[in-house]
Each structure stands twice: as C-alpha cells, then as structure tokens.
Amino acid sequence: MRKGLTIGEFATMSHLSVRTLRRYHEAGLLAPAVVDPHTGYRYYQPEQIATAQVIHRLRQLDVPLAEVKSILATDDPQRRTELVAGHLRRLEAELDRTRAAVVSLRQLLRPDAAAPKIELRSVPTRTVVAIRAQVRHEHALAWFDTAMTELDEAFPPTERTGPPGGRYANELFTDGVGLMTVFRPVRHPRGSGRIEVVELPSADLAVAVHRGPHDDIDVTYGRLGAWVASHALGVDGPVHETYLVGPRDTGRSERWRTELGWPVFRLAAA
C-alpha cells in the first residue's frame with residue numbers, strides 16, 4: 001500500500017525544494033505524515049501541501065520560527081489571522097522606515113539640490129486649542145495622529161481660523177522624550193477632555209517650507225539649521241511646524257506643504 005507522496009513528489013507539487021522540506025522537518029514546522037523506520041524515507045499527504053506553502057510564505061516574510069509554530073498550532077482561525085496581521089503590521093512599519101531613509105539619502109546625495117527659501121519672521125502671541133503631553137520619540141507619529149483627530153472632531157471646519165500646527169521640545173530629539181503640543185486656531189477656544197485652551201507665546205523664527213511627503217523632512221530641517229548657524233543666529237526654544245497642506249487636506253502627498261519654524265535670536269557681537 002502506498003504510504004503517501006515521496007519527498008520528491010511533495011517538493012514538486014508544493015514548489016519547495018527537498019532541502020527546504022527537510023529543514024522544516026528538523027525545525028519542527030512540518031513533520032512528514034510517515035517516516036519509514038527502515039529506510040528513513042519521508043512521505044507526505046496531499047493535504048499538507050497548503051501547510052507547507054503557508055510556512056514558506058511566512059518565512060519569506062521573516063516571521064520567526066517560534067511565531068510560525070504558534071500560528072500553525074492555533075486552531076482558532078481568528079487568532080491565526082491576528083498573529084499573521086501583527087507581523088504584517090511590523091513589516092509595513094519597517095518598509096516605511098526603509099522608504100523614508102531611501103528618500104532622505106537621495107536628497108542628501110544631490111549636491112545640486114536647491115536650498116529652501118528661508119525668511120525671518122516674528123509670530124505674535126496666539127490663543128489656540130491644543131493637546132499637550134510628554135511623548136517618547138518612537139511614539140510621536142501615533143500620538144500626533146490621535147491628538148489631531150481629537151481636535152478635528154471637536155472643532156469642525158466652520159470653527160477653524162487657520163491651519164493646524166505643532167510645537168516640539170528639543171528634548172524630544174536630544175533625549176528621545178519631550179513635550180509635544182499640537183494645536184488649532186479656532187473662533188471660540190474651549191477646553192474639553194484632553195483639549196486645553198493655550199496661549200502660545202510670541203516667537204522670532206527662521207522659517208522654511210518643506211514641500212511634499214514627510215519622508216525627507218529631516219533634510220529640510222538640516223538645511224534650515226545650517227542656514228541658522230551660518231547666519232550667526234542662536235537657537236532658542238521648541239521647533240514649530242505649521243501644516244499648510246497635509247494628509248487631512250489631500251491624499252496626494254506631492255501637494256503637502258509643511259512650514260518649519262526654528263526659534264532664533266541674534267548673537268551679541270564678540
């Protein structure tokens with residue numbers, strides 16, 4: 001009586017090499033249905049083909065062996081989906097980091113890239129609605145999205161008097177944790193929940209506009225900082241951002257415009 005598919009037949013049907021199937025067996029991921037005690041030959045069942053291909057796809061996505069075992073051992077389809085989805089989210093985050101690094105490097109390696117237009121501007125005191133918190137740098141984007149969504153829901157477009165903005169303490173970048181403030185100017189400021197009425201102090205800023213997606217916004221910050229240093233200006237206070245056009249306005253990232261404001265003061269002559 002036929003014991004099942006030989007490892008060669010199974011390899012052909014699953015499009016996996018014999019070496020890969022042996023490795024899966026040794027790792028405890030996919031045991032043959034039968035191993036002949038006399039010859040050591042491995043035999044598989046047709047219903048194992050899909051399992052072998054699932055393992056292969058998971059390993060292609062760099063899912064750790066222990067996590068693959070957990071996925072295969074889970075009988076609950078919902079739980080299995082959650083485990084796979086969690087890893088996919090981590091991969092997507094890694095891809096986003098890689099893409100951002102590539103975009104920044106391309107900008108930095110272009111010596112002929114046009115320097116941003118920079119101006120000095122005095123910003124008056126403003127009363128706004130804002131959400132503030134001490135935030136770790138790695139959580140900054142998620143915190144920003146949540147806070148800005150709260151402001152948008154509390155103050156619809158008819159109540160807004162200008163674009164949203166943010167103020168970010170230097171410690172957020174130097175120490176990895178610092179005060180983040182996101183705000184909106186509105187007609188009738190009022191507090192609710194995490195939303196506060198905040199008076200933003202006046203500031204003298206060196207201002208540049210970053211055009212397009214935020215993947216390489218650090219390059220614009222670097223060029224703005226170099227301009228500040230070369231013009232004998234000192235740095236004082238948190239950096240300012242104003243989102244003239246952003247993801248909440250259009251899904252076309254090439255249209256985004258982010259105004260960067262670097263607080264400055266003129267150094268006294270030596």
The range 236-270, subset assigned to a loop (DSSP other than H, G, I, E, B), within 13 Å of Gly212 (Cβ to Cβ) and in contact with a Lys or Arg (Cβ under 9 Å, 6 or more places away or on another chain), residue modelled with the highest pLDDT: Trp256
Conditions (1) closer than 19 Å to Ala142 by Cβ; (2) without any contact (Cβ under 8 Å) to a residue 24 or more places away in the chain; number of the one not met by Gln60: (1)
Of the criteria (1) touching a residue at least 60 places away in the same chain (Cβ under 8 Å); (2) surrounded by 19 or more Cβ atoms within 10 Å (Cβ to Cβ); (3) aliphatic (A, V, I, L, M); (4) in a strand (DSSP E or B), which one Val198 fails: (2)
Members of the range 62-75 found to be in contact with a helix residue (DSSP H, G or I) (Cβ under 6 Å, 6 or more places away or on another chain) and of a type in the set (A, V, I, L, M, F, W, C), listed by number: Val63, Val68, Ile71
Residue match in the range 189-203 (condition: under 16 Å from Pro116 (Cβ atoms) and out of contact with any Pro (no Cβ under 9 Å at 6 or more places or on another chain)): no
Answer residue from the range 146-195, given it is of a type in the set (S, T, N, Q) and closer than 12 Å to Ile131 by Cα and is surrounded by the most Cβ atoms within 10 Å (Cβ to Cβ) among those: Thr181
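The values are calculated or read from the model by the stated rules, or taken from the named source; none is laboratory data. Note that this is a predicted model, so its numbers are computed, not measured. A quick note on method: Cβ atoms are made from the backbone with ideal geometry, for glycine too, and the neighbour counts reach across all protein chains shown.
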